[in-house]
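Everything below concerns the one structure shown next.
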Amino acid sequence: MGWFSKSEVRRDTQKLSRDDIWIRCQGCRAHVFKQDYYDNLNVCPKCSWHGKLTAAERINLTFDAGTFDEMNASIRPSDPLSFVDGKGPYTEKVEQSRVKTGLNESVVTGTGRINGVQVVAGVMDFRFLGGSLGSGTGEKILRAANYACEHKLPYIVFSASGGARMHEGILSLMQMAKTCAGIARLDEKKVPYISVLTDPTTGGVSASYALVGDVNIAEPGALVGFAGRRVIEVTIKQKLPDNFQTSEFFLEHGFIDCIVHRKEMKQTLYRILSYYNRSGRHHGT
């Protein structure tokens, strides 16, 4: 009896050990040491598949230490429809996301420095209701754009979203026009806007501010698109290419300007910002 009890304990220990040590890559499906994955900035060391980052992780990776100053952190989602579905009220989903992420909305906005160059930024967090675009998200992105316009500072948005937030109905869709209006004012003032597309950038976000940058950058292998692959195939009755709705497909067809590995993103952004400063197209410091 003791022998079988010992065997059961051993199996539990092995299961715990595997969960603690390994992570399965969603790209190549290989098992990777968790620590190697984290040390490589949440990128698979075998196939370079780029995993998701939280807003805090993205900020720490991109901005000079201690320079990021958050703005409009108190803005929260509204519930104009008193929305309820089969899984409960929208307000409960929001509260669960707030507890899970420590955020009040699906985007964090603020100012920071990239190798000394001051910028305004919006960083989306997919953990908050799938990074969806709600009225609070759009308000924060717009206010950050207005701040960048007023102070003539470059504006960078890191997108990670499943699209517009259905819980808020038409008010969510209105954020597409609202955010693009803010970006258009930057263009009028010749203030650079850089859009960084990460996995995933889809739906109303890809159809609005994510693809109207002066420079559009994507991480390798990111899912980028509007409607889902199956919906499109059924609609047009055609088989789509295997790499359809990837950053590589978008680069090939001219929708984005470049694909940049995560470990090179900060330096790439700095080079772009330096070009704007040297060319005289941007006079912020």
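The numbers here are math on the coordinates, done by the rules we state, and not lab data. Quantities reported herein were computed from a predicted structural model and do not represent experimental measurements. No Cβ is skipped: glycine too gets one built from the backbone with ideal geometry, and neighbour counts run over all protein chains shown.
In the neighborhood of A181, defined by Cβ-to-Cβ distances under 14 Å, what is the net charge if each Lys or Arg adds +1 and each Asp or Glu adds -1?
Numbers: positive: R143, K178, R185, K189; negative: E139, D187, E188.
Net of charged neighbours comes to +1.
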Size-normalised alpha-carbon gyration radius of segment 119-185, reference 2.2 N^0.38 Å: 1.08
Residue-wise HN-Hα coupling along segment 24-32, computed from phi with Karplus coefficients 6.51, -1.76, 1.60 (Hz; x: Gly, Pro): 9, 5, 7, x, 9, 6, 7, 8, 10
Interchain or long-range residues, amide H under 5 Å from A164's placed H: L133, G204, V205
Round to a whole angstrom and tell me the spacing of the C-alpha centers of segment 111-177 and segment 93-109. 14 Å
The residues V32, V99, V107, V43, sorted from fewest to most surrounding Cβ atoms within 10 Å, come out as V99, V32, V43, V107
Take the chain, connect every pair of alpha-carbon atoms lying under 10 Å apart with a spring to form a Gaussian network, then pick out the residue of S78, S135, S161 with the largest mean-square fluctuation. S78
Whole-Hz ³J(HN,Hα) for each residue in segment 167-172, computed from phi via Karplus 6.51 cos²θ - 1.76 cosθ + 1.60 with θ = phi - 60°, x for glycine and proline: what do you get? 4, 10, x, 5, 5, 5
Difference of contour (0.36 nm per residue) and Cα-Cα distance, K87 to K190: 32.5 nm
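Are any of the pairs K46/K266; K52/K189; K46/K263 more than 25 Å apart by Cα-Cα distance, and if so, which? Can you show the working numbers first?
Details: K46/K266 22 Å; K52/K189 33 Å; K46/K263 15 Å.
Those over the limit are K52/K189.
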With +1 on the Cβ of every Lys and Arg and -1 on the Cβ of every Asp and Glu, the dipole magnitude of the chain about its Cα centre, in debye rounded to the nearest 20, is 380 debye
Name all residues of segment 34-68 having a backbone nitrogen under 14 Å from the label point set 7 Å from the Cα of N115 along its Cα→Cβ direction, giving them as ranges. 62-64
Step through the residues of segment 38-55 one at a time and calculate ³J(HN,Hα) from phi using the Karplus curve (6.51 cos²θ - 1.76 cosθ + 1.60, θ = phi - 60°), rounding each to whole Hz and writing x for Gly and Pro. 5, 5, 9, 6, 6, 10, 5, x, 9, 10, 6, 5, 8, x, 6, 10, 6, 4
Options [x] 1.02; [y] 0.99; [z] 0.96 - which one matches Rg/Rh (Cα atoms, Kirkwood Rh) as calculated here: [x]
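Among DSSP beta bridges whose residues both lie in the chain, state the antiparallel percentage, nearest 5.
Numbers: 18 of 37 bridges.
Within the chain, antiparallel bridges account for around 50 percent of the total.
Can you give me the relative contact order of segment 52-279 as a percent, contacts being Cα pairs under 8 Å and 6 or more apart? If you can, show how the numbers build up before the last one.
Values: 449 pairs, mean separation 36.3, N = 228.
Relative contact order for segment 52-279 comes out at 16 percent.
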